[in-house]
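Below you'll find the structure, written out as structure tokens, and then a few comments.
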Number of protein chains: 4
Amino acid sequence: MLKVGIIGASGYTGAELARVLSGHPKVEITVITSRKWAGRPLGDCYPGLAHIDLKFVNHVEEDVTGKADLFFTALPHKAAMEAVKSCLDAGKKVVDLSADFRLADVKTYEEHYGPHSCPELLSEAVYGLAEIYGDEIAGARLVANPGCYPTSALLPLYPLIKEGIIDAQGLIIDAKSGVTGAGRDANETTHFCHAHESIKAYKIASHRHTPEIEAQLSLAAGDGVQVVFTPHLIPMGRGMLSTIYATPAPNTTTTVTREAVESVWAKAYADSPFVNVAKGDGLPDSAHVRGTNCCIMAVRVDERNGRLIILSAIDNLAKGASTQAIQNMNIMMGWDQSEGLDLAPLYP
Amino acid sequence: MLKVGIIGASGYTGAELARVLSGHPKVEITVITSRKWAGRPLGDCYPGLAHIDLKFVNHVEEDVTGKADLFFTALPHKAAMEAVKSCLDAGKKVVDLSADFRLADVKTYEEHYGPHSCPELLSEAVYGLAEIYGDEIAGARLVANPGCYPTSALLPLYPLIKEGIIDAQGLIIDAKSGVTGAGRDANETTHFCHAHESIKAYKIASHRHTPEIEAQLSLAAGDGVQVVFTPHLIPMGRGMLSTIYATPAPNTTTTVTREAVESVWAKAYADSPFVNVAKGDGLPDSAHVRGTNCCIMAVRVDERNGRLIILSAIDNLAKGASTQAIQNMNIMMGWDQSEGLDLAPLYP
Amino acid sequence: MLKVGIIGASGYTGAELARVLSGHPKVEITVITSRKWAGRPLGDCYPGLAHIDLKFVNHVEEDVTGKADLFFTALPHKAAMEAVKSCLDAGKKVVDLSADFRLADVKTYEEHYGPHSCPELLSEAVYGLAEIYGDEIAGARLVANPGCYPTSALLPLYPLIKEGIIDAQGLIIDAKSGVTGAGRDANETTHFCHAHESIKAYKIASHRHTPEIEAQLSLAAGDGVQVVFTPHLIPMGRGMLSTIYATPAPNTTTTVTREAVESVWAKAYADSPFVNVAKGDGLPDSAHVRGTNCCIMAVRVDERNGRLIILSAIDNLAKGASTQAIQNMNIMMGWDQSEGLDLAPLYP
Amino acid sequence: MLKVGIIGASGYTGAELARVLSGHPKVEITVITSRKWAGRPLGDCYPGLAHIDLKFVNHVEEDVTGKADLFFTALPHKAAMEAVKSCLDAGKKVVDLSADFRLADVKTYEEHYGPHSCPELLSEAVYGLAEIYGDEIAGARLVANPGCYPTSALLPLYPLIKEGIIDAQGLIIDAKSGVTGAGRDANETTHFCHAHESIKAYKIASHRHTPEIEAQLSLAAGDGVQVVFTPHLIPMGRGMLSTIYATPAPNTTTTVTREAVESVWAKAYADSPFVNVAKGDGLPDSAHVRGTNCCIMAVRVDERNGRLIILSAIDNLAKGASTQAIQNMNIMMGWDQSEGLDLAPLYP
């Protein structure tokens, strides 16, 4: 059994890691940390996880790097980079769920997040979009787990741009997230009485996931890509849908068809058990991936003007965070990437 | 007191008409109809409206046109056109909430809805977007009340296109609606257990509100306009948010600023108490217009590429249907358009 | 126009007062207060109320008692008593929405809430259950507006106990409240992600509304009454249902029938437009009173053992707080108690 | 691998069986049936279960009893009894999720459900409350899986009555269920727009789970027991909370304490991994058992009058139906009762 630690286990992504890891056949959770909950059992923080018999440790006051062989760091950015460095220095593998190692370019990072204390690790970190970077992840000691919005946008877009079937420029990503995406912090936005009958956009043209999406699409395009990205908050717990507007590649002489797009996806994800294309008239619905590592995608064409409407549904806490992190661990360990992730969605 | 009738009062828009009309100081509801509920009191169908002491009449079996001076027809398309004609033939005014008279071009109508039995009325019908067509509505005997999606899209877009500040072409309208938009019909989509934790797009590039939006924007542009329109269903009762992606008009030499857009709106809606622009950092939130005739709009610019992101929130059942219909009645009757519509939103 | 002030207008009950008072034909809101929001317009705190052009004043730093003729105090207990005293000392009328003047017995108050700084006002304060104490309210300068749970429990129970038809002892009140009942404070309990799929009881056998219910039922019974009261939080915004288990009065020789109970209610509430009994097979549903001052009641008898199951639905923020406060104001001013309260529920 | 079949797999309990069985290490689902969906793949009915590669068979037209060794029958009552008999006649084991074999007394059954076509099986059927009837279940060929409400009420009550610590008479069970309890049928009650902001009681003093609860409590008491049972529908998907009001046993000389109750539970459920008592100040919350086979219980005492308030939370679809059925299968097969049921709740 691999010993794994969760640094920052009191937040939603930490809890989701604990939920799924507790059913993983090849790992044992040996340490969980939280500054706020230090000394108290996990079950005090998450009563449904009381069967995991562990107490929170304060990783800032106590060195926990000896207690496991692989760590998930589920801390806010900035706090994460210090914890990640400690684990690596102790010779451990790390899957970091923060934004701290997702951007290879330190300038871009610092523009959006402020100073980086260990920029030397940026080039080493592998971007943990498991379906795209599997080979690199396999040999990594540090994997930067993607953000939820980037995961939902990149899975459909990356291969289409790589193959040159759609225009890498002019993409519009209109994304909708459940409230878990706003985290465990209790505030006016996450208050039930406000949130339960509300839809609004936020951080328009300024969300920090934008440079992350652009960095990856630029790699796919081999050229600098800029997108328009608008996140929204909607009244549900888990779930994310990205509706993406694209145009055929400039050099395309004919309309890009649904079949052409699905064909690219089929090839790109032939070995990926978690990425599926909705069949027939079906369209991606967040309800059908709840609690799973799956992504459902679809494309439709506005026949009148050739515009492509691409849809992608994930569970923001699962494939958008914690189960993708576990998938990355599986790959880093040389295991089947599905190990412990055979999760049927909770429905209804 | 003006005697008003509601033909098709058992659906959600009929109930919303009854709710608001029952507090209107200048009208008296004198007849309500429903084939299904004929003979039963309104309170059986909507217990919260039991204070309105009326029984449903079957308007197909019984001529009700003599019972009121102005009728709201809240029937499905096709059924509506017959009822509208009867009322007009009886010399009554009509606000029709169906799609039957919204498209001036009979070919476009028939392409999307099937045969029209009284096309001669299409040219007479006034499109009831009250803030735009107030003068025409004032003299109309037949007002075609706009669809909910068109209302939310046209209020921000119409003046911007009319003024030539944004490009009339290439618009993308990504709209999100609460489940009331799907109507009172109980089916898998509207079942609580499915809908409460689900987001999905539907009728992509094929929703019937598309030609309605395009017809109006073409009038504003003085040229044929085509949009990409994607509706989504989200887990709330009432509320609609349209997120619209636009580019500056082709001949614009500089970036279009937030101030420029807001200035056009300020001028266009100077006399409109129901259209407001979110101030400062505020963004439209459906929670703040629930149960009211208001529309809140905002615009943001992606500074890097000049793309405009325009937002517009309404209550789909109110400004998107029933209260706009009452606003139209007010204008048709020569009353203050706000009569009976001083509704503060139910919040939280 | 009567000038009214809302002291503590930034909470949910304050906002609900503002919403309904802004449509009241005989009053003008002239001052609103909040320590936290002092200096900022109401629309910053509640965007949907931006049409009420007022800025918050800090009533602790500034004497506002001269700015209105009647005050609603919507402050937490303890803070309320000071504000109430100031208003009364300035010769103004007060409807207090806190718990500070609901218990005539200072010992009972202090046992549950701590020291009372103006116990001399307790005997003067009239308990504002409008349907029961209308005469006393008419002449009062201080009305103690009932709690939400007590309102929902007392409206069905008071007349039944007064008439001696049910046993005043052994009552069990199982009450369910929407999350607005937990107030505007953002915490783990009110966080959407927890609350939206959760039901739990809280403060079992220890909720402070228990002595309030018991004090009133004791008055009805002419004897000390003790109840078992269990509040629950359920995933909705507004609404409250009390399910009450009662037995026939001890001296009753026959079973108490539904008809007998409804007959007592019909007599007690003959002049009360806001208290209704569900007809036929109908049962009280919070959805049908949302945003209104109404209470819907019903009773069923378990024929096998004579146990009475009594149900009562209100909107906790409206009849359970703010609209009942306005009803009390109407009575204090000698107006029709329904003035400004002809509110049809927002449904669906 | 044991071959199992699900007869009636298109409903919610059928889907929940499929979800959990698909992760069970010792079984293989070999046949699923539905009259409505016959011929179509499971993924058409439940897209999230598309990984289970099976097509629905019409079990009325086709004999499926040869296709598995153990069957779950998840049909409406009446339809179930025929299917059960066929499976038994073919020599297969059955866990029946309907009400058809839960009542040993045919008269009681027929009074509430109508004629029974195979009453001879009633005495053989074992009531599948796994924690109570484990020994009997181990040897059974037909297990009658308990109803959701009975499960939530009997788990806390059965041992307390058996031990004589509480009065078996006068019990009041006030139960609250999520909307999945109303099944997959789309109607006005289950429509999102009604249900999402609604609480109401239903089938007061007449719900068919009442005789089921009473039959079991009578066995525990060794005497006829009558309860008052009131079910409610609340706006969530899964989850059930029963709030039970009890009094100490008549011969008890002192108050029954929380400790005394918890001591009885500790003894009764010493070997039961799925029944837990909330610790400290914790109270049962449906959110913490979602998707699991667990029951969380608690008791509080109203010190003033000795009344016991007992709480019990389950997931109505899981422990209240499908996972309990799987637990019963495990016991029938001689496996560890937890096999395949190590499910952490989906939270948040």
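Every number in this text was worked out from the coordinates using simple rules, so none of it is lab data. As the structure is a prediction and not an experimental result, all values here were calculated from the model. Every residue, glycine as well, gets a Cβ built from its backbone with ideal geometry; the counts of neighbours run over all protein chains shown.
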Quiz prompt | 0 to 90° range, to nearest 10: angle between helix A:79-89 axis and chain A longest Cα axis | solution = 70 degrees
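When averaged across all projection directions, what area in nm² does the alpha-carbon convex hull of the range A:149-314 cover?
Reported value for the Cα convex hull: 10.2 nm².
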Practice problem: Could you list D:Ile199, B:Ile32 in order of exposure, starting from the residue whose Cβ has the fewest other Cβ atoms within 10 Å? | Solution: D:Ile199, B:Ile32
Quiz item: When ranked by the protection proxy of mean other Cβ atoms within 10 Å per residue, highest first, what sequence do the peptides D:275-287, A:165-177 form?
Solution: A:165-177, D:275-287
Quiz prompt | Whole-Hz ³J(HN,Hα) from phi, Karplus 6.51 cos²θ - 1.76 cosθ + 1.60, for the range C:216-227, glycine and proline x | solution = 6, 5, 5, 5, 5, 7, x, 6, x, 10, 10, 10
Quiz item: Distances from D:Gly334 to the same residue in each other copy, label points 7 Å out along Cα→Cβ, in nm, shortest first?
Solution: 4.0, 9.0, 9.4
Exercise. For A:Lys203, place a label point 7 Å out from Cα along the Cα→Cβ vector, do the same in each other copy, and report the separations in nm, one decimal, smallest first.
Key: 3.3, 3.7, 4.7
Practice problem: Evaluate peptide D:292-301: per residue, the Cβ atoms of other protein chains within 10 Å of its Cβ; return the mean as an integer. | Solution: 2
Quiz item: When B:Asp302, C:Asp89, B:Asp44 are ordered from fewest to most other Cβ atoms inside 10 Å of their Cβ, what list results?
Solution: C:Asp89, B:Asp44, B:Asp302
Practice problem: Using the number of other C-beta atoms within 10 angstrom as an exposure proxy, rank D:Leu54, B:Leu97 with the fewest first. | Solution: D:Leu54, B:Leu97
Quiz item: Leaving out same-chain residues fewer than 8 places away, which aspartates and glutamates sit with a Cα under 13 Å from that of D:Lys93?
Solution: D:Asp69, D:Glu124
Practice problem: Could you pull out every one of the aspartates and glutamates with an alpha carbon less than 12 Å from that of A:Lys55, ignoring same-chain neighbours closer than 8 positions? | Solution: A:Asp44
Quiz item: At B:Ser218, label 7 Å along Cα→Cβ: distances to the other copies, nm, ascending?
Solution: 4.3, 7.4, 7.7
Quiz item: What is the spread of the Cα atoms of chain A along each of their three principal axes, largest first, in whole Å?
Solution: 63, 45, 37
Quiz prompt | Shielding by other protein chains, D:281-289, mean Cβ within 10 Å | solution = 6
Quiz item: Which whole-Hz couplings ³J(HN,Hα) result when phi for each residue of the range C:50-62 is put into the Karplus expression 6.51 cos²θ - 1.76 cosθ + 1.60, θ = phi - 60°, listed in order with x for Gly and Pro?
Solution: 4, 5, 8, 8, 9, 10, 5, 10, 8, 6, 7, 8, 10
Self-check item: chain A: relative contact order in percent, alpha carbon pairs under 8 Å with at least 6 residues between
Solution: 17 percent
Self-check item: Rounded to the nearest 20 debye, dipole of the protein assembly as shown from Cβ charges on Lys, Arg, Asp, Glu
Solution: 0 debye
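Provide the three semi-axes, in whole Å and in decreasing order, of the ellipsoid equivalent to the protein assembly as shown as defined by the square roots of 5 times the Cα gyration tensor eigenvalues. Provide the component values of the computation, followed by the final result.
Values: eigenvalues 403, 383, 220 Å².
Whole-Å semi-axes of the equivalent ellipsoid: 45, 44, 33.
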Quiz prompt | Residues D:Ser218 and C:His51, FRET efficiency given R0 of 60 Å [Cβ-Cβ distance, rounded to 0.05] | solution = 0.45
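How crowded by other chains is D:236-244, given as the mean number of beta carbons from other chains within 10 Å of each beta carbon?
Working: counts 12, 13, 5, 5, 1, 7, 0, 9, 1.
Counting Cβ atoms of other protein chains within 10 Å of each residue's Cβ and averaging gives 6.
Note down the relative contact order for the range D:149-314 as a percent, whole number, built from C-alpha pairs under 8 angstrom at least six residues apart.
About 30 percent, as a whole number.
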Quiz item: What is the spin-label model distance, in nm, from A:Asp135 to C:Lys203 if the labels are put 7 Å beyond Cα along the C-beta direction?
Solution: 6.4 nm
Quiz item: Axis carrying D onto A: which residue of D has the nearest Cβ, and how far, whole Å?
Solution: D:Leu346, 2
Quiz item: Just how many pairs of Lys in the range C:149-314 have C-alpha atoms closer than 29 Å, counting pairs that are eight or more places apart or on different chains?
Solution: 9
Self-check item: Under 5 Å, built H, 5+ apart or other chain: amide partners of D:Arg307
Solution: D:Asp302
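Given a Förster distance of 51 angstrom, what is the FRET efficiency for B:Arg35 paired with C:Cys118, based on the Cβ-Cβ distance and rounded to 0.05? Write out the running numbers ahead of the final one.
Details: r = 63 Å, r/R0 = 1.23.
Result of the calculation: an efficiency of 0.25.
First measure r as the distance between the Cβ atoms of A:Lys3 and A:Glu262, then evaluate 1/(1 + (r/R0)^6) with R0 = 41 Å and state the FRET efficiency to the nearest 0.05.
Values: r = 42 Å, r/R0 = 1.02.
Efficiency, from the Cβ-Cβ distance: 0.45.
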Practice problem: Along each of the three principal axes of the Cα atoms of the range B:10-94, give the extent in whole Å, ordering the values from largest to smallest. | Solution: 33, 29, 20
Quiz item: Using a simple spin-label model with points 7 Å from Cα along the Cα→Cβ vector, what separation in nm is obtained for D:Ala270 and D:Asn251?
Solution: 2.4 nm
Quiz item: Each residue of the range B:196-207 in order: what ³J(HN,Hα) in whole Hz does its phi give by Karplus 6.51 cos²θ - 1.76 cosθ + 1.60, θ = phi - 60°, with x for Gly and Pro?
Solution: 6, 9, 8, 10, 7, 7, 8, 6, 5, 6, 8, 6
